[in-house]
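Structure first, commentary second.
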Amino acid sequence: MLDTIKLQCYQRWGYKRLREGKHEKALWHFEKALLISDEVTIKFNYVVALSAVAKYKEAYPHLDNILLAYNDNEMALSLMIWVCMMLRKWDEAIELCEKIRLQFPSNQEFIHLHNILQNSEIREKFVSAQELIKQAEKSMLKKKYQEAIKLLKQALEVNPQEALAYNNLASIYYSLKEKDKAIDCMKKAVELDSLNKQYKKNLRIIDR
């Protein structure tokens, strides 16, 4: 009974920390949950947290084991493509993407990733930009905003089509009370990723 209560608490706090962007703390909570139970959902939450802190090498074998049991799970397959891309396992990422596109032909994320993977130069730029964005997120959590801005601008130099970089820049400028810059960046994020509902919501919040 006590373990069940602990498990629920670790899971709940893990989700909360993920939503807050406190990924290291989320990882700690999910790791504690995994010590109590090795259920697939708990393993998956742990893998999500590992990916969120860019520990892709650690995430890969756990995710591989999950897919052995649930090889048609859309969320697990999606995350595995992402992990393979960040590890530059291009052939595996392409193979998975082809498989998923047949299973889930209407999933826009898979279509987007598939298009990126087809061009070696584009995919390298995409991954390099993501690495810079991850570094910027760590700086943001430490409130090192100027350092984060510099990293995000570098990410956009590598990949000018990176909507997430604009979204994060908007968040920083909003925190610094530079509303006009925040709105401009958020509009650019929405322009680049018009299907992203969160970006549209963020724009409405900033543009009040």
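The values are calculated or read from the model by the stated rules, or taken from the named source; none is laboratory data. Quick caveat, the model's predicted, so the values are computed rather than measured. Reconstructed Cβ throughout: ideal geometry from the backbone, glycine too, with neighbour counts over all protein chains shown.
Tell me yes or no: at least one residue of region 61-72 is assigned to a helix (DSSP H, G or I) and without any contact (Cβ under 8 Å) to a residue 12 or more places away in the chain.
Yes, region 61-72 has at least one match.
Out of all the residues in region 129-144, is one or more of a type in the set (Val, Ile, Thr), assigned to a helix (DSSP H, G or I) and more than 28 Å from Asn71 (Cβ to Cβ)? Step through it out loud before you land on a result.
Taking region 129-144 as the starting set, the residues that turn out to be of a type in the set (Val, Ile, Thr) are 133.
Then keep just the ones that are assigned to a helix (DSSP H, G or I); that gives 133.
Retained after the next criterion (residues that are more than 28 Å from Asn71 (Cβ to Cβ)): 133.
Yes, there is a match, as at least one residue in region 129-144 is of a type in the set (Val, Ile, Thr), assigned to a helix (DSSP H, G or I) and more than 28 Å from Asn71 (Cβ to Cβ).
For residues that are closer than 19 Å to Tyr56 by Cα and in contact with a helix residue (DSSP H, G or I) (Cβ under 7 Å, 6 or more places away or on another chain), tally how many sit in region 117-136. Steps first, please.
The first filter runs over region 117-136 and keeps only residues closer than 19 Å to Tyr56 by Cα, leaving 117, 123-136.
Filter once more, so that each one left must be in contact with a helix residue (DSSP H, G or I) (Cβ under 7 Å, 6 or more places away or on another chain): 117, 123, 125-130, 132-133, 135-136.
Of the residues in that region, 12 qualify.
Which one is surrounded by the fewest Cβ atoms within 10 Å (Cβ to Cβ) among residues in region 174-199 that are of a type in the set (Lys, Arg) and part of a helix (DSSP H, G or I)? Give the steps one after another, and end with the answer.
Going through region 174-199, the residues of a type in the set (Lys, Arg) turn out to be 177, 179, 181, 187-188, 197.
Adding the requirement that they be part of a helix (DSSP H, G or I) leaves 179, 181, 187-188, 197.
Details: Lys179: 14, Lys181: 15, Lys187: 16, Lys188: 19, Lys197: 8.
So the residue we want is Lys197.
Mind listing whichever residues of region 12-33 are surrounded by fewer than 19 Cβ atoms within 10 Å (Cβ to Cβ) and without any contact (Cβ under 8 Å) to a residue 60 or more places away in the chain? Spell out how you get there, then give the answer.
So in region 12-33, the residues surrounded by fewer than 19 Cβ atoms within 10 Å (Cβ to Cβ) come out as 12-13, 15-16, 19-22, 24-25, 28, 31-32.
Those that are surrounded by fewer than 19 Cβ atoms within 10 Å (Cβ to Cβ) and without any contact (Cβ under 8 Å) to a residue 60 or more places away in the chain: Arg12, Trp13, Tyr15, Lys16, Arg19, Glu20, Glu24, Lys25, Trp28, Glu31, Lys32.
I'd like the residue in region 87-122 that is of a type in the set (Gly, Ala, Ser) and more than 18 Å from the chain's Cα centre (by Cα) and, out of all such residues, is surrounded by the most Cβ atoms within 10 Å (Cβ to Cβ).
Result: Ser120.
Among the residues of region 110-127, are any outside any helix (DSSP H, G or I) and without any contact (Cβ under 8 Å) to a residue 60 or more places away in the chain?
Applying the first criterion (outside any helix (DSSP H, G or I)) to region 110-127 yields 118-119.
Still in the list and also without any contact (Cβ under 8 Å) to a residue 60 or more places away in the chain: 118-119.
Looking for residues that are outside any helix (DSSP H, G or I) and without any contact (Cβ under 8 Å) to a residue 60 or more places away in the chain, one finds at least one in region 110-127, hence yes.
Quick one: is Asn167 polar (S, T, N, Q) and under 20 Å from Gly21 (Cα atoms)? Write out each step before concluding.
Values: polar (S, T, N, Q): yes; under 20 Å from Gly21 (Cα atoms): yes.
Yes.
One line per residue, one yes/no per condition, for (1) hydrophobic (A, V, I, L, M, F, W, C); (2) under 18 Å from Glu137 (Cβ atoms); (3) in contact with a Gly (Cβ under 9 Å, 6 or more places away or on another chain):
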residue	(1), (2), (3)
Glu20	no, yes, no
Lys25	no, yes, yes
Trp28	yes, yes, yes
Leu34	yes, no, no
Ser37	no, no, no
Val53	yes, yes, no
Lys57	no, no, no
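Could you tell me which numbered condition Asn45 fails, if it satisfies all but one of (1) crowded, with 18+ Cβ neighbours inside 10 Å; (2) farther than 26 Å from His112 by Cβ; (3) not hydrophobic (A, V, I, L, M, F, W, C)?
(2)
How many residues are among the basic types (Lys, Arg) and surrounded by 19 or more Cβ atoms within 10 Å (Cβ to Cβ) if we restrict to region 123-173? Lay out the reasoning, then the answer.
Taking region 123-173 and keeping what is among the basic types (Lys, Arg), we get 123, 125, 134, 138, 142-144, 150, 153.
If we keep only those that are surrounded by 19 or more Cβ atoms within 10 Å (Cβ to Cβ) as well, we get 123, 125.
Qualifying residue count, region 123-173: 2.
What residue, of Asn107, Asn159, is assigned by TED's automatic domain parsing to the domain that holds Glu178, among the polar types (S, T, N, Q), free of Cβ contacts under 8 Å to residues at least 40 places away in the same chain and out of contact with any Leu (no Cβ under 7 Å at 6 or more places or on another chain)? First the steps, then the outcome.
Numbers: Asn107 fails: assigned by TED's automatic domain parsing to the domain that holds Glu178.
Just one listed residue meets the conditions, Asn159.
If you check every pair at least six apart or on different chains, which have Cβ atoms under 8 Å apart with a residue in region 168-181 that is under 18 Å from Ile133 (Cα atoms) first and a residue that is of a type in the set (S, T, N, Q) second?
Going by the 8 Å Cβ cut-off, the qualifying pairs are Ala170/Asn202; Ser171/Asn202.
Going by what's in this entry, would Leu169 be described as among the hydrophobic types (A, V, I, L, M, F, W, C), assigned to a helix (DSSP H, G or I) and modelled with pLDDT of 95 or more? Show your work before the answer.
On the way: among the hydrophobic types (A, V, I, L, M, F, W, C): yes; assigned to a helix (DSSP H, G or I): yes; modelled with pLDDT of 95 or more: yes.
Yes: the conditions hold for Leu169.
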